[in-house]
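Working notes for the structure below.
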Amino acid sequence: MNGSAELFEHHAAALAAVHQRVTAACLAADRAPDSVALLAVSKTFGAEHVIALAQAGQRAFGENYVLESLAKIEACADRRPDLFAGWPAAGACAWHFIGPIQSNKTRAIAERFDWVHSVDREKIARRLSDQRPPALPALEVCVQVNVSDEASKSGCAPDEAVALAALVASLPRLRLRGLMAIPAPDEEPAGQRQAFGALHALFGQCRAALAALPENPARDFDTLSMGMSDDLEAAIAEGATIVRVGSALFGKRRQP
Ligand SMILES: *Cc1c(COP(=O)(O)O)cnc(C)c1O
């Protein structure tokens, strides 16, 4: 695929198909279709792919690798100022960081992104808050939880989630929005639902604990970021409010 018209056609069709899956999953779960937001995971795909999908109407993009994402964010803003005007955080396109965070990369994330889904330890939370530029709105944050133990190294342990959520909520330049997880891959919908259900249960525990704090940070705690191309239906059945979809939109990734 070379021509931008061709790219647009391809991505617009893929976007419509994913929207259909999300809507069908919502209806099956007796949920309103607009209760689930679609995050387009554009890692390993160039700016031209992001722009084509933005032209088709998509507004939120997820990235995993800091260096790759910075170049892409600049390229998008340069090439399509109308679509990316006002970035960051002005209702144009929003950029979400969803990958593992090294502490030497927090400044770039704090300066360039609107959301971070992958905060999994106190040190990273504190650095992001300290480094968020005063001119920008607070960084929207989800705490990442490792719901399937050894399968993935990222995410705090489930029994650390309440404390880490409360810490994030207390930091001045972060706004705690919810929880995120990447369960171990499971071909069986029942197994997928079990992992997502565990995150939803933990979300309820966090909410209750936050509601008991004097500042009541539970007010903004409304996000369950879970579900990808292969398991978004199970995630929606278990209460996902953001699904993070890459390959179903952009096609198969080459290894970075
Ligand atoms: C790559 C990635 C996704 C998207 O995965 P697909 O299976 O391609 O939809 C979602 N979330 C995270 C954190 C990822 O790293």
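Please verify whether the range 144-164 includes one or more residues that are within 16 Å of the ligand (Cβ to nearest atom), modelled with pLDDT of 95 or more and surrounded by fewer than 23 Cβ atoms within 10 Å (Cβ to Cβ). Yes - at least one qualifying residue is present in the range 144-164. Filtering the range 167-185 to residues that are open to solvent by less than 30 Å² (accessible area, probe 1.4 Å), among the aliphatic types (A, V, I, L, M) and part of a loop (DSSP other than H, G, I, E, B) leaves Leu171, Ala181. Inside the range 212-256, residues that are at pLDDT below 95, open to solvent by 10 Å² or more (accessible area, probe 1.4 Å) and over 19 Å from Thr44 (Cβ atoms) make up a count of 8.
Looking across the range 200-211, the residues that are in contact with a Phe, Trp or Tyr (Cβ under 9 Å, 6 or more places away or on another chain) and open to solvent by 40 Å² or more (accessible area, probe 1.4 Å) come down to Arg207, Ala211. For Gly197, the test of being within 16 Å of the ligand (Cβ to nearest atom) and open to solvent by less than 30 Å² (accessible area, probe 1.4 Å) is failed.
Residue count for the range 218-244, restricted to those that are under 15 Å from Gln192 (Cβ atoms) and either more than 10 Å from the ligand (Cβ to nearest atom) or not small (Gly, Ala, Ser) (or both): 16.
The values are calculated or read from the model by the stated rules, or taken from the named source; none is laboratory data. Note that this is a predicted model, so its numbers are computed, not measured. A quick note on method: Cβ atoms are made from the backbone with ideal geometry, for glycine too, and the neighbour counts reach across all protein chains shown. Side chains included, ligands, DNA and RNA excluded: accessible areas come from the protein's heavy atoms. Shrake-Rupley method; radii C 1.70, N 1.55, O 1.52, S 1.80 Å.
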